[in-house]
Amino acid sequence: MSVYSLLVLGSPLLLLRLAACTRHQRSVIGLDPAASSTEVLAAITAGQTGNFKAGTEVQMREGIPPWLQRFVGNGFLYITKVLGDLYTPKTLINKGKDMIRIDEEVNVTFSAGSEMGPETCTLLDRAGQTDGNGETMVQFWKCRSFDYIILAAQRASGSKKYLFMSNLEAVNWPAHWDNLPAGFQTKFRVRQYESYKVQKLWSIHGLEAKLTRVMDMYPNHTLFFTGASRGATLAEVMGLRFALEFRKRPNYRMPYVVSTGAYRWTNSIGRDIFGYLLPQHFAHILLSRTKVKGEMTFVEFDFVSRWPGRASGYVDVAPQFALDVDKHEMQTCVPRLGCPGTDVSISEGLHVFNMLDRFKGLHKSINFIRTLRKAVIPFDDVVCLDWKQESCDSCLGVPISNLMTASDRQIGRIGCLDANDGLPIPECPVENSAVNQAGGHAGDFQKLRDGKIAKRSRALDVLSSQKSRAALNEWIFYMQTWCINRLAGQEGRQEHLLDPFALGPNPWAPRFYGLCQISASTGDSQKYLVMEDLHSRYHLASVLDIKLGQTIEFGSSDSTAKKLFQSAVSRVTSTHTAGARLAGLRVWNPKKNRWKTSTNVMSSIDSVFDKAFKYLLRQSGEQKRLWLTQFHNTTQKLDQWWKSKGVNNVRSYAASLLFVWEGDPAVAEPKAPVLKFIDFAHFHSQGRGEWPDDGTSRGLSTVVAQLERLIRLTYPA
């Protein structure tokens, strides 16, 4: 099996290899920016690794969505362009090279000095005429470090039908139109040529069946439709048709569609469907350049994006973004500000040499590759590791022993889990009283003395199971919060993304004290995380546990049965409709002097909050409103943080919001209620920005709305 080599300096895995808390670090992607397309292909196929020149960073203007910034910055979009242009059958055959065979690999190597090993992209399949001559072709690629299946559409060379099949026509796709505005199905129009080509791919060349097969083979991967010029236009049509036809299938994931250099092909209904079905998953990119003529400075855009004319019913799909080939800036393309400009006119077409110059400089796909090759990864908002496994005995270089107190050493082990320092892991000071859980796995908690609780941890187990890896991930999170807490106030310390989880009088995560063990007479022992006991401050602690977002981690190695079960639970519960569901509740009924409990995941989110706070709402006085407002304010801060920072840097699965308050109205001076974000076994704060949305933000917004509803009930009618 032959292996092609591609030189790239960027990968999302670079985010996992940050050595320290260095802001504004840049990682440059690129060959010699002046290289011609022939030289680029020669370098790629020869596996050359030298003669790098640092590219200029691509600046992101306001309005560029974070997910698109990430795709540009980590090199993924660049890789899709190379795979979709330089590795197409037509390109390789024209250059006298063999076509890539199915299951053949393209070896992606990194620059000298990079910590990253080779990146491998494999051609999974193709749909279209296989000789590479004249017919549209779609190739399926899978790259090892990315959780996407790339569908790169190649233009159809030689065919001139696209010039004449220009009328907008209705389509007869077996699509799902429910939940879309009335009239969309009857008013949606597609240009004849694209409708014809996509239908031919879909049926004659088996694209629909191949899409089904790749979804079944890679259920944890998201499809990424892309292409250049006519291929870009077809990628947009295919991506939209895929969303319309496949969105009801159980393993459907919202695809990404990112085109470069596409022309117009639909009416306003087609444009609007993108907004309904692919929010934050679609981008139409065109090239631009800044020109100076005398004292005038103006911007030119790829004229292909201005054809066919709007007078024929065509519209610009949205959102559109312009990538400047000279300034290396990307900004939002706004029609009222002249982007992409007026329709191509006959008089404009008469200036042949000017049109050819713009076509060569602003439309040919090699210019996208050259510009994207200069992209960099901005690390301004990256999570800096205050604690790392490879230097587990220190926090940002400060020895943990210098940060610990004598009482710390008596409570639990901090830092290195498997340290050979001769010091035993402290025994857990267990109380005899039972732990009253609202949710979670029964028996995983032990009540400790001095207002602490112990949670079973398998972080020291052999990392051969999902549970042990998840436990280690939770240990890493809590060590981060411990280090953040102990380093707070030190001179020169930079703000950390996770500061709200660790600092202040009411941090969002439970306070953490280390690892303890409970030894058996046999010599075996079980290990536990030591945390603050949120129940201990109350006489009769009422508890509500709300599960947020998705419960199966992206790319999880959990068993198929578990994935199917959790997926089914998500689809039939309020997780699907609201991003949140009940994990468990245990509230005190003061009238009947007994506990009311529930773990009914099928409960609607409204009924969950009604049941949980039923007895609190019956109390007189202002206390109920005060407590609900305190819950609301904390949740709202979490929600705002997640929308501004978390959604771009964090992926969290199966986490919960834990509400705890005094359930006994007879307590004269009850402690204030407490709300914590808990369960960090599947909480990832580095290098996961490319993973699909985890639903946490949606769940938090739902909880905020529920609390606002309950607060309104505390006011007189």
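The values are calculated or read from the model by the stated rules, or taken from the named source; none is laboratory data. Quick caveat: nothing in here was measured; it's all calculated off a predicted structure. In this analysis, Cβ positions are derived from the backbone assuming ideal geometry, glycine residues included, and neighbour counts consider all displayed protein chains. These accessible areas exclude ligands, DNA and RNA; they are computed on the full protein's heavy atoms, side chains included. Shrake-Rupley method; radii C 1.70, N 1.55, O 1.52, S 1.80 Å.
A DSSP coil position with no more than 11 other Cβ atoms inside 10 Å describes the following GluC sites (Glu not before Pro) in region 613-705: Glu622. In this rough spin-label picture, where each label sits 7 Å from Cα along the Cβ direction, the Lys591-His539 distance is 2.0 nm.
Amide H to amide H distances under 5 Å link Met137 with Gln154, where only residues 5 or more positions off or on other chains count and H is placed in the peptide plane.
This model, with +1 at the C-beta of Lys and Arg and -1 at the C-beta of Asp and Glu, gives region 302-364 a dipole about its Cα centre of some 100 debye.
Extending 7 Å from the Cα toward the beta-carbon at both Ser604 and Ala520 defines two label points whose distance is 4.8 nm. Taking the centroid of alpha carbons for each part, region 64-110 and region 618-657 are 43 Å apart. Remark on Phe282: its backbone amide H falls under 5 Å from those of Val257, a criterion applied only to residues 5 or more positions apart or on other chains, H modelled at 1.01 Å from N.
Pairs of lysine residues in region 586-656 that meet both criteria, 8 or more places apart or on different chains and Cα atoms under 26 Å apart, total 15. Applying 1/(1 + (r/R0)^6) with R0 = 35 Å to the Cβ-Cβ distance of Asn179 and Thr629 gives a FRET efficiency near 0.50. Place a point 7 Å from the Cα of Ala672 along the Cα-to-Cβ direction; which residues of region 494-510 have their backbone N under 13 Å from it? Zone members listed by number: 504-508. Taken along the Cα-to-beta-carbon direction at a fixed 7 Å, the label points for Arg336 and Lys97 span 4.7 nm.
Extension gain for Lys645 to Arg449 (0.36 nm times residue separation, less C-alpha to C-alpha distance): 66.9 nm.
Couplings 3J(HN,Hα) of region 345-352, computed from phi: 9, 5, 5, 5, x, 6, 7, 4 Hz, in residue order, whole Hz [Karplus 6.51 cos²θ - 1.76 cosθ + 1.60, θ = phi - 60°; x for Gly and Pro].
Restricting region 179-288 to chymotrypsin sites (Phe, Trp or Tyr not before Pro) that sit in a DSSP loop and have at most 16 other Cβ atoms within 10 Å of their own Cβ leaves Tyr252. Solvent-accessible area of Ser620, all protein chains in place: 110 Å² (probe radius 1.4 Å, heavy atoms, ligands and nucleic acids excluded). To the nearest 10, the accessible area of Val601 is 40 Å² with a 1.4 Å probe. A straight Cα-to-Cα reach below 28 Å connects Lys527 with the lysines Lys388, Lys447, Lys452, Lys455, Lys467, Lys547, Lys562, Lys563, Lys676, residues fewer than 8 places away in its own chain not being considered.
A probe of 1.4 angstrom, applied to the heavy atoms of all protein chains, finds Ser345 with accessible area near 50 square angstrom.
Toward the positive end of the charge dipole of region 622-681, with +1 on the Cβ of Lys and Arg and -1 on the Cβ of Asp and Glu, the farthest Cα among Trp641, Phe659, Gln623 is that of Trp641.
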